[in-house]
Amino acid sequence: MRCLAQDVLLDHKVEDLIADGCSLPRWGFAIPGPYNGATGEERVYAWQKNQIAWRLGWLPRNQTCSICETRPADQGHQEIYMRAFALMPVCRSCHVRLHRRFGDPDRWQAFVDQLSPDNWARMLLPEQLDRVDAMRIAAELDWLSALAAFSEVWRAAR
């Protein structure tokens with residue numbers, strides 16, 4: 001029997017609520033583009049599930065940004081949208097930098113070089129994952145360790 005990660009258990013709880021008729025929060029923007037193998041529609045659905053959990057008090061509050069480690073985290077970042085609740089607490093400034101890294105990898109690298117050596121953001125790649133790799137990472141119990149291992153292999157091959 002395989003254990004499930006806490007974020008996966010939370011995802012099941014929210015999916016059960018939706019199946020029982022809980023309405024999805026309205027997304028009031030254009031559908032975003034793909035990100036690390038997830039479609040824009042999948043990204044919106046993950047956001048909707050997060051909003052449900054947030055409103056029910058199931059997500060942690062009052063955290064510090066996990067990247068800069070100084071500002072309050074007012075957002076959650078999903079690197080792997082196939083794991084909707086594998087959220088990293090981030091401030092708006094760091095969240096914007098995360099999503100812009102693909103367009104300016106050198107600027108991103110200069111930013112992460114200033115972070116502590118064990119900061120999770122240092123492992124993020126300057127290129128998007130394809131869907132197959134993202135799904136492989138999402139299938140692992142510890143998705144963050146799986147992403148770190150993938151990143152290490154990717155960097156060694158470059």
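The values are calculated or read from the model by the stated rules, or taken from the named source; none is laboratory data. Since the model is a prediction, treat every value here as computed from it, not as a measurement. Counting neighbours? That spans all protein chains shown, and the Cβs are built from the backbone with ideal geometry, glycine included.
Things worth noting here:
- Of the residues in the stretch 104-118, not one is under 13 Å from the mean Cα position of the chain (by Cα), surrounded by 19 or more Cβ atoms within 10 Å (Cβ to Cβ), outside any loop (DSSP other than H, G, I, E, B) and not polar (S, T, N, Q).
- Some residue of the stretch 123-146 being basic (Lys, Arg), without any contact (Cβ under 8 Å) to a residue 60 or more places away in the chain, surrounded by 19 or more Cβ atoms within 10 Å (Cβ to Cβ) and in contact with a helix residue (DSSP H, G or I) (Cβ under 8 Å, 6 or more places away or on another chain): no
- Of all residue pairs spaced 6 or more apart or on separate chains, those with beta-carbon atoms under 6 Å, a first member in the stretch 52-63 that is at negative phi and a second member that is modelled with pLDDT under 95 and assigned to a loop (DSSP other than H, G, I, E, B) are Ala53/Leu59.
- Condition met for Glu69 (under 20 Å from Gln48 (Cβ atoms) and either at pLDDT 95 or above or surrounded by fewer than 16 Cβ atoms within 10 Å (Cβ to Cβ) (or both)): no
- Look at (1) among the hydrophobic types (A, V, I, L, M, F, W, C); (2) part of a loop (DSSP other than H, G, I, E, B); (3) within 15 Å of the chain's Cα centre (by Cα); (4) buried (at least 18 other Cβ atoms within 10 Å of the Cβ) and you find that Leu59 fails only one, number (4).
- Residue match in the stretch 18-26 (condition: farther than 27 Å from Gly103 by Cβ, modelled with pLDDT under 95 and polar (S, T, N, Q)): no
- Test for Val44: is it over 14 Å from the mean Cα position of the chain (by Cα), surrounded by 15 or more Cβ atoms within 10 Å (Cβ to Cβ), β-branched (Val, Ile, Thr) and at pLDDT 95 or above: no
- Neighbours by Cβ (under 8 Å, 6+ apart or cross-chain): first from the stretch 82-101, part of a helix (DSSP H, G or I); second β-branched (Val, Ile, Thr): Cys94/Ile67; Arg97/Ile67; Leu98/Ile67; Leu98/Val90
- Residue in the stretch 16-32 that is surrounded by fewer than 15 Cβ atoms within 10 Å (Cβ to Cβ), part of a loop (DSSP other than H, G, I, E, B) and either in contact (Cβ under 8 Å) with a residue 60 or more places away in the chain or β-branched (Val, Ile, Thr) (or both) present: yes
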